[in-house]
Amino acid sequence: MPQFSSMSSLKRFEDFQQRLSELGITLPAERDFEATGPLSQTIKRSRYVIGNRFCILPMEGWDGTSDGRPTELVRRRWRNFGLSGAKLIWGGEAVAVRPDGRANPNQLVLNEDTLPEIAALRDILAHSHKEHFSTTDDLLVGLQLTHSGRFARPFDKKRLEPRVAYRHPILDGRVGINDDQAILSDDDIKRLIDDFIRAGQQAQRAGFAFVDIKHCHGYLGHEFLSGFDRPGEFGGTFENRTRFLREVVSGIRATAPELDIGVRLSIFDFMPFQPGPDRVGQGSASGPYRFAFGGDGTGLGYELSETHQFIEQLKKLDIDLLCTTAGSPYYNPHMQRPAAFPPSDGYLPPEDPLIGVARQIIATGELKLRHPSLIVVGSAYSYLQEWLPNVGQAVVRAGWADSIGIGRMVLSYPDLPADVLAGRPLRRKNICRTFSDCTTAPRNGMVSGCYPLDAYYKERPERAELQKIKGEM
């Protein structure tokens, strides 16, 4: 079993720097944090202002109703987003554009019936933010629109019902695809494009400033990008593999002209991993691997030529909001969501998680430096724990990203951005230690939340069941 230094043991800046040096990582980091420094700076565009450099990343809580409406658990999470102090909310929640595109049976769905309640989520967030920070004039709130594709689980927590862009030699077996029935036809995709356009119109009516057309984590938008073998209008050439995005954007621009558009993109991918004999993750493919968008052909490295090409496409579409991530939580979580402890259906990390953090930060920096006109949000910062502000400040100062995205960390410590920007010491007892309970819970049919550190979730009945599952791992 691999042994890594725990982040909580790196109590001095020198300890953190030494660990980076031992791993051969060159990562921007600054000893002294400035409350009025780079992370407090505004971002200004003609249509909006973003008041600081913290961003809340979108998540799936498995805690809506079966017909796609928010519950009190969802509303509580959005209140926390508002009091976080972050001025950019990237979607808040991954919201399906139709029921069969849900990643779980309790995911939110945007349609005419649910529109008032999803609009109310935005109002709850804005009210919470104004209550704590006096104004929302510099707050930008978006909504992530998605279809879960290969990883759709829309009606039964235990049963996948995948709809895919192409047959995959490894992932088909994992999700139970035995024939071509699960492949979406070109006509199916055109109807789905209409659903995304309709959802964009509804998001504008709900008061959201932008929508994210999700292209990450192995979901359908991301899968189109690696559909090299798919025939027809939506596969093969780069032009065809990006047709879905172009047509969705064109339709939203025509029918919801006040709505801005962003894209959360897995900027590179690796081959699927699986537990080895010692539960340490290992690649599932031998030899070349050609299904990784942004990959180098080996399945174990990245090469960003097509990613740069995709970003050039964003600029042609007048999209200047890009949120970077990598890979998928379903088949290579160690490089998508670096963590010391795996979820129950995962594997032990085959590398120090700091390597995964650095890989994403460095690749994002390469993209931002090449495309400086875009507003680029980076991900994978939660594992840095106490040193998140020090690295985030250095990254923004170096021009490697414009905004520092926070996901898991906001579940245990929602007001971390507010504390950082006010110059207050971090509350160590609230810092996410990447126990992965927020992933293990939904993988076992329970609502997602921080069961170890959030007092609210500690009292929920699922906690005992979760502890039992972890004891059996």
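The values are calculated or read from the model by the stated rules, or taken from the named source; none is laboratory data. Bear in mind the structure is a predicted one, so any value in this text is a computation, not a measurement. Cβ sites come from the backbone with ideal geometry, for glycine too, and all protein chains shown count toward neighbours. Quick note on the areas: whole protein, heavy atoms, side chains included, nothing else; ligands and nucleic acids left out. Shrake-Rupley method; radii C 1.70, N 1.55, O 1.52, S 1.80 Å.
Provide the gained length on full extension for the span residue 18 to residue 194, in nm with one decimal, where the gain is 0.36 nm per separating residue minus the Cα-Cα distance.
Details: separation 176, 0.36 × 176 = 63.36 nm, distance 5.25 nm.
Difference between extended and current length: 58.1 nm.
For the cross-link pairs 130/214; 44/368; 44/214; 190/214; 87/315, which exceed 20 Å when the distance is taken from alpha carbon to alpha carbon?
Numbers: 130/214 28 Å; 44/368 17 Å; 44/214 24 Å; 190/214 17 Å; 87/315 23 Å.
Going by Cα-Cα distance, 130/214; 44/214; 87/315 fall outside the 20 Å limit.
If R0 is 51 Å, what FRET efficiency do you get for residue 282 and residue 135 from their C-beta distance, rounded to 0.05? Can you show the working numbers first?
On the way: r = 51 Å, r/R0 = 0.99.
Approximately 0.50, to the nearest 0.05.
Rounded, prolate or oblate for the stretch 1-75? Axes are the square roots of the Cα gyration tensor eigenvalues, ordered a ≥ b ≥ c, and the cut-off for rounded is a/c under 1.5. Before the final figure, lay out the partial values.
On the way: a/c = 3.09, a/b = 1.36, b/c = 2.26.
Oblate is the answer for the stretch 1-75, as a/c is 1.5 or above yet b/c matches or exceeds a/b.
Compute log10 of I(q)/I(0) for the stretch 110-264 with the Debye formula, placing one identical point scatterer on every Cα and leaving out solvent, at q = 0.09, 0.18, 0.19, 0.20 Å⁻¹, to two decimals.
Treating every Cα as an identical point scatterer, log10 I(q)/I(0) equals -0.34, -1.09, -1.16, -1.23.
Can you work out the FRET efficiency for the pair residue 127 and residue 72, with r the C-beta to C-beta distance and R0 = 22 Å, to the nearest 0.05?
Values: r = 16 Å, r/R0 = 0.71.
Step by step, r from the Cβ atoms, then E = 0.90.
What residues from the stretch 398-425 fall in the zone where the backbone N is under 18 Å from a label point 7 Å along the Cα-to-C-beta line of residue 315?
399-402
Using Cα pairs closer than 8 Å and at least 6 residues apart in sequence, work out the relative contact order for the chain, in percent. Walk me through the intermediate numbers first.
Values: 976 pairs, mean separation 78.2, N = 473.
Value for the chain: 17 percent.
In whole percent, and with a 1.4 Å probe on the protein chains, what portion of the accessible area of the stretch 372-473 is carbon and sulfur?
Numbers: 1900 of 3580 Å².
Exposed carbon and sulfur together represent 53 percent of the surface.
Have a look at the DSSP beta bridges in the chain and tell me what percent are antiparallel, nearest 5. List each step's numbers first, then the result.
Working: 6 of 38 bridges.
Restricted to the chain, the bridges split so that about 15 percent are antiparallel.
I need the P(r) histogram for the stretch 410-460: all alpha carbon pairs, bin width 5 Å from 0 out to the longest distance, whole percents.
5, 21, 27, 20, 13, 8, 4, 1
Within straight cross-link reach of residue 470, meaning Cα distance under 24 Å, which lysines are found once same-chain residues fewer than 8 apart are removed?
Once the sequence-local lysines are set aside, what remains near residue 470 is 157, 158, 429, 458.
Taking θ = phi - 60°, what integer Hz values does the Karplus form 6.51 cos²θ - 1.76 cosθ + 1.60 yield along the stretch 400-407, in sequence order, with x for Gly and Pro?
7, 6, 9, 9, 9, x, 10, x
Evaluate the Kirkwood expression for the hydrodynamic radius of the chain, namely the inverse of the mean inverse distance over all pairs of different C-alpha atoms, and round to one decimal in Å.
Numbers: mean 1/r = 0.0451 Å⁻¹.
22.2 Å is the Kirkwood radius here.
In the chain, which helices (entire DSSP H runs) extend 20 Å or more along their own long axis, judged by Cα positions, while averaging at least 0.5 on the Kyte-Doolittle scale? Show your work: numbers first, answer last.
On the way: long enough: 115-133 (27 Å, -0.12); 186-205 (29 Å, -1.10); 353-370 (26 Å, 0.54).
Going by DSSP H runs, the hits are 353-370.
Short version: ³J(HN,Hα) in whole Hz for each residue of the stretch 228-240, in order, from phi by Karplus 6.51 cos²θ - 1.76 cosθ + 1.60 (θ = phi - 60°), x for Gly and Pro, what are they?
4, 9, 6, x, x, 6, 10, x, x, 6, 4, 4, 6
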